[in-house]
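First the structure, in the form of structure tokens, and then the observations on it.
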Amino acid sequence: MLAMWLGASAVSYNYRYWFDRDDSNAITGIMFSNKLHLNVDVSGLPTTIHTFNIQVQDDKGDWTPPRITYFAKLSPSALRGFYWFDEDSLMSHETAVTNGILEINVSDLSEGVHSLHYAAMSSDGSMTGVVTRWFVRAPLPEEARSLRCAWAFDGGETHIAECTVVNGEAIHFDLDVSGLSYGRHRVDIVMLDENGNATSDVMSYFLVVEPDPCDVNCDGVVTAADITALYDYLLNNDMTYFDTLDANGDGNITAADITVVYDNLLGAE
């Protein structure tokens, strides 16, 4: 069943969602406001940790990167949960399972990468299999810390670099997409501790969009500032945007490029 909160806006947007890595059977729908409430059927999923991925299509037809949420599906008859971290003793923590939710306390763990192992017991005393996942306990909110990250585009070569965890949750590092073709791509990211142990893979999709040749200052929009950048080069030899100033693609940077950008601003064909 699908329920939506409808707003006053008449604008509609397509959305799609899927579980884990397989988007070939994504479920699609239409949302009519900036709020969406979904009742999602997880009955066909196995009892383990999953990802829920959802994205929205904008008015240009481009899909946003997926919003990814992790969740655990437990047996409907699960009453008690057991979990432990790293090399801790087997099932050293016990907690109740309420509405399929197993609460896990990580407050006593050090910052960095850890392994989590958990299982659940049903009402007849039978146990599920043990599920193991790696995760990172981030620094406190007021701190920033450098960690190693590994990532790969579209299942290709793996790259490793330093990244910074900010406010206990946000990871900031730059990925070079200049070698990728225009269109849709996937990035897989994990974090590594000093021993090379890795978190579970975080996957996201993104678009590499072909730039507008009239956006010579590369700020994402075509404005009078692009004309100013051309004048600065032609009159003052300002080389700041030299690689992108050839708006008409004729191999030269001349007043003709200013005309192309000007016509673009006026909407001329």
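Label Thr48 and Ala255 with points 7 Å out from Cα along Cα→Cβ: what is the distance between them in nm?
6.8 nm
Measuring with a 1.4 Å probe in the full set of protein chains, what accessible area per residue, in whole Å², belongs to the range 189-269?
Details: 4730 Å² over 81 residues.
Per-residue value: 58 Å².
Work out how much length Val177 to Ile27 would gain on full extension: take 0.36 nm times their residue separation and subtract the Cα-Cα distance, in nm to one decimal. Let's see the in-between values first.
Values: separation 150, 0.36 × 150 = 54.00 nm, distance 2.88 nm.
Full extension from Val177 to Ile27 adds 51.1 nm.
Can you tell me the length gained on complete extension of the stretch Leu234 to Glu210, counting 0.36 nm per residue apart and subtracting the Cα distance?
Details: separation 24, 0.36 × 24 = 8.64 nm, distance 2.56 nm.
That works out to 6.1 nm of additional length.
Near Tyr231, within a Cβ-to-Cβ distance under 14 Å, what is the net charge of the other residues, with Lys and Arg +1 and Asp and Glu -1? Don't skip to the end; give the middle numbers.
Working: positive: none; negative: Asp226, Asp232, Asp238, Asp257.
Summing Lys and Arg as +1 and Asp and Glu as -1 gives -4.
The values are calculated or read from the model by the stated rules, or taken from the named source; none is laboratory data. Computed from a predicted model, the values in this text were never measured in an experiment. Neighbour counts are summed over all protein chains in view; Cβ atoms, including those assigned to glycine, are modelled from backbone coordinates with ideal geometry. Ligands, DNA and RNA are excluded from the accessible area calculation, which covers all protein heavy atoms including side chains. Shrake-Rupley method; radii C 1.70, N 1.55, O 1.52, S 1.80 Å.
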